[in-house]
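Readers should treat all values here as calculations from the given coordinates under stated rules, not as data from a laboratory. Everything numeric in this text was worked out from a predicted model, so none of it was measured. Heads up, the Cβs are rebuilt from the backbone with ideal geometry, glycines too, and the neighbour counts pull from every protein chain shown.
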Amino acid sequence: MIFDLDGVLVDAEPVHRAASRRLVAPHVLTDAEYAAFIGASIEAFAVWLRERYALNEPPEAIAARYDTLVSAELESQRLPAFDGAHALLAALRARGLPLAVASQSLPRWVELTLASASLAAAFDVVMAADAVARAKPAPDIYVHAAALLGVPAARCLAIEDSIPGVAAAVAAGMTVVQSQQADTAVERQPGVFATVASLRVFELGWLDGAAGAP
């Protein structure tokens, strides 16, 4: 079973939104503009920021500044896991299921977020944005995570929340449950098997669907 991180296990979007606004200040970044890049790569966001605000820096420098700001935010506060996350992971562990995180965030962000939420020990595989060349919505990170778990992608269940993330997991051929637990939740996306308002209502019987057919 494979989890996205931000918006699925931990509500880290307020941290990223705050860092984004500090990055472009004194310009204004609206909630709608920020929301358009939830689940997207930092590279795509940096390119857009450069064009949107006519910044003089190359995208790589903008991305580096953003990385510094986000890391500082994550280091300065404790982000709890979403309600139901620990209980669900414990139930999955009790079943002996291999578990992975497949996040579009940078490796340092993933490390800090998992540590803050006391989730790091729950996963056999942790993958961040540097794991594959193509970012979500390409299926690469999910295909690679499944391979590292030793499970065919078609027999994996993924939990995602963002538009690019859901598209990536669906394209990988996985059974996809869309979490709508975060404040940034989007409407039900094409190809998902089910939606959940909380990880507490995830049905373990869905795992049989991932192994066979929902």
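Key figures for this structure:
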item: The chain: C-alpha gyration tensor shape, a/c 1.5 cut-off, then a/b vs b/c; result: prolate
item: Kyte-Doolittle mean at least -0.5 and Cα axial length at least 24 Å: DSSP H helices in the chain; result: 59-76
item: Selected from 129, 190, 151, residue furthest toward positive end of dipole (the chain; charges at beta carbon); result: 151
item: Theoretical gain in end-to-end length, residue 108 to residue 131 [0.36 nm per residue, Cα-Cα removed]; result: 7.0 nm
item: Pairwise label distance in nanometres, residue 57 with residue 43, each label 7 Å out on the Cα-Cβ vector; result: 1.8
item: Full-extension gain in nm, residue 187 to residue 64, via 0.36 nm per residue minus C-alpha separation; result: 41.1 nm
item: Only Lys, Arg (+1) and Asp, Glu (-1) charged, at Cβ; the chain dipole about Cα centre in debye; result: 200
item: Reciprocal mean inverse distance between Cα atoms of region 87-150 - Kirkwood radius, Å; result: 12.3
item: Amide H contacts under 5 Å for residue 3, placed H, 5+ residues apart; result: 100, 101, 102, 159
item: Order of 86, 16 - criterion: other Cβ atoms within 10 Å of each residue's Cβ, fewest first; result: 86, 16
item: Gap separating the Cα centres of region 1-57 and region 88-116, nearest whole Å; result: 22
item: Gyration tensor (alpha-carbon) shape descriptor, region 13-76, a/c threshold 1.5; result: rounded
item: Residues 196, 176, 110, 24, sorted so that the one with the fewest Cβ neighbours within 10 Å comes first; result: 24, 196, 110, 176
item: FRET efficiency estimate (nearest 0.05) - Cβ-Cβ, residue 94 to residue 36, R0 45 angstrom; result: 0.70
item: Antiparallel DSSP beta bridges within the chain, percent to nearest 5; result: 5
item: Least to most buried among 208, 31, 161 (fewest other Cβ within 10 Å first); result: 31, 208, 161
